[in-house]
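Each remark here refers to the structure printed beneath this line.
The values are calculated or read from the model by the stated rules, or taken from the named source; none is laboratory data. A quick note: this is a predicted structure, and the numbers were derived from the prediction, not measured. Cβ atoms come from the backbone with ideal geometry, glycine included; neighbour counts cover every protein chain shown. Accessible surface is based on the protein model in full, side chains and every heavy atom, while ligands, DNA and RNA are left aside. Shrake-Rupley method; radii C 1.70, N 1.55, O 1.52, S 1.80 Å.
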Amino acid sequence: MTTSRTATARTATARTEKPEGGSPRDASPRTAGPRGGGPRRRTRTPAASIGLHAGLLIGTVCALFPPLWLLVTSFKPKSESFTTALVKDFTLGNYRHVVADTHFLSWFGNSLIVVAGTTVIGVFIAATTGYALSRFRFPGMRPLMWILLITQMFPMAVLIVPLYNTLANLGLLNQPAGLIITYLTVAVPFCAWMMKGFFDTIPVDIDESGRVDGLNPFGTFWRLILPLAKPGIAVTGFYSFVTAWAEVAYATAFMTGEENQTLAGGLQNFVNRYGTDWGSMTAAAVIVAVPAGLVFGFAQRHLVSGLTAGATKA
């Protein structure tokens with residue numbers, strides 16, 4: 001009798017705790033909302049809300065102020081470059097001076113050649129290297145992976161002297177091909193490691209199906225794997241582009257002569273020991289930033305997924 005009464009009491013207690021129309025799992029302890037309709041949401045105090053929005057506003061201003069001030073200064077006369085007021089006498093003279101009176105078009109052409117070569121060759125080498133590291137096991141694979149990591153530990157300034165001697169012995173100084181090779185030494189190790197991590201996310205079954213259909217390893221890579229690796233290709237292409245477009249140290253060390261310089265090296269011609277032509281420099285900087293912005297906008301939709309895949313799998 002005692003056992004049956006205890007069981008009856010437990011059943012009654014369970015029925016009391018069970019909400020109407022709910023399941024037994026609904027009786028699990030949780031914080032009820034104001035009307036018992038679900039978990040209670042944390043409410044932000046007015047002070048915390050004000051602090052959050054103030055921090056976001058300050059961060060936005062800090063991020064947008066330099067490029068906006070650069071753009072405003074490029075439309076000012078040289079006499080008003082250091083004034084804090086907005087544009088009073090709007091002028092395009094700085095842009096006309098940069099394009100017509102300097103070697104800017106030559107710098108732009110040299111940069112296009114170097115950037116195109118670095119991006120195309122860098123993406124191809126990084127993609128094939130990353131695919132080989134992801135899919136195959138071969139002698140020297142582990143040392144190769146270590147080399148890709150170790151080469152990224154050296155500052156670019158340390159490598160200028162040995163690279164300069166190498167290019168001088170090969171006769172590649174003041175040549176776009178020599179500058180492309182030096183940029184590949186920077187872009188390929190990082191991009192190959194990232195592509196290896198991205199290829200790890202693609203199922204190996206796709207490679208096996210390609211071999212069943214009679215494709216060789218390169219055919220499988222080119223026809224089946226590479227179309228699935230567009231986010232990773234976008235990231236490596238963008239990184240290679242930025243490396244060649246905005247780099248200054250190698251461009252000024254290996255390309256001498258005003259007509260042989262790239263855009264990054266050519267901007268230094270507006271600075272001398274007597275002063276700085278801020279109007280021309282800001283105008284040239286705005287022109288240089290436009291292609292980079294266009295490339296970023298084109299590759300933006302692939303950047304997040306590509307970076308995430310490479311970071312989580314590498």
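In this structure, does Val87 turn out to be more than 30 Å from the chain's Cα centre (by Cα) and either of a type in the set (D, E, K, R) or open to solvent by 50 Å² or more (accessible area, probe 1.4 Å) (or both)? Criteria met by Val87. Selection of the stretch 93-132 for residues being open to solvent by less than 30 Å² (accessible area, probe 1.4 Å), hydrophobic (A, V, I, L, M, F, W, C) and within 20 Å of Glu259 (Cβ to Cβ) yields Val98, Phe104, Trp107, Val114, Val115.
Residue by residue, here is whether (1) hydroxyl-bearing (Ser, Thr, Tyr); (2) part of a helix (DSSP H, G or I); (3) buried (at least 17 other Cβ atoms within 10 Å of the Cβ); (4) at positive phi holds:
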residue	(1), (2), (3), (4)
Ile150	no, yes, no, no
Val161	no, yes, no, no
Leu172	no, no, yes, no
Leu184	no, yes, yes, no
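All of Val98, Val120, Val161 fail the test of being in contact with a Phe, Trp or Tyr (Cβ under 7 Å, 6 or more places away or on another chain) and either aliphatic (A, V, I, L, M) or not assigned by TED's automatic domain parsing to the domain that holds Phe254 (or both), apart from Val98. Inclusion of Val248 among residues that are at pLDDT 90 or above and β-branched (Val, Ile, Thr) is not warranted. The single condition among (1) without any contact (Cβ under 8 Å) to a residue 40 or more places away in the chain; (2) on the phi < 0 side of the Ramachandran plot that Phe199 does not meet is (1).
I want to confirm something. Restricting to the stretch 248-264 and keeping residues that are of a type outside the set (S, T, N, Q), outside any helix (DSSP H, G or I) and in contact (Cβ under 8 Å) with a residue 40 or more places away in the chain, which single residue is most open to solvent (accessible area, probe 1.4 Å)? The qualifying residue most open to solvent (accessible area, probe 1.4 Å) is Gly257. Test Arg135 against the criterion of being farther than 26 Å from Ala292 by Cβ, open to solvent by less than 60 Å² (accessible area, probe 1.4 Å), within 27 Å of the chain's Cα centre (by Cα) and of a type in the set (Lys, Arg), and give yes or no. The answer is yes for Arg135. Would you say Pro67 is in the same structural domain as Asn216 (by TED's automatic domain parsing) and at pLDDT below 90? Spelling it out, it is not the case that Pro67 is in the same structural domain as Asn216 (by TED's automatic domain parsing) and at pLDDT below 90.
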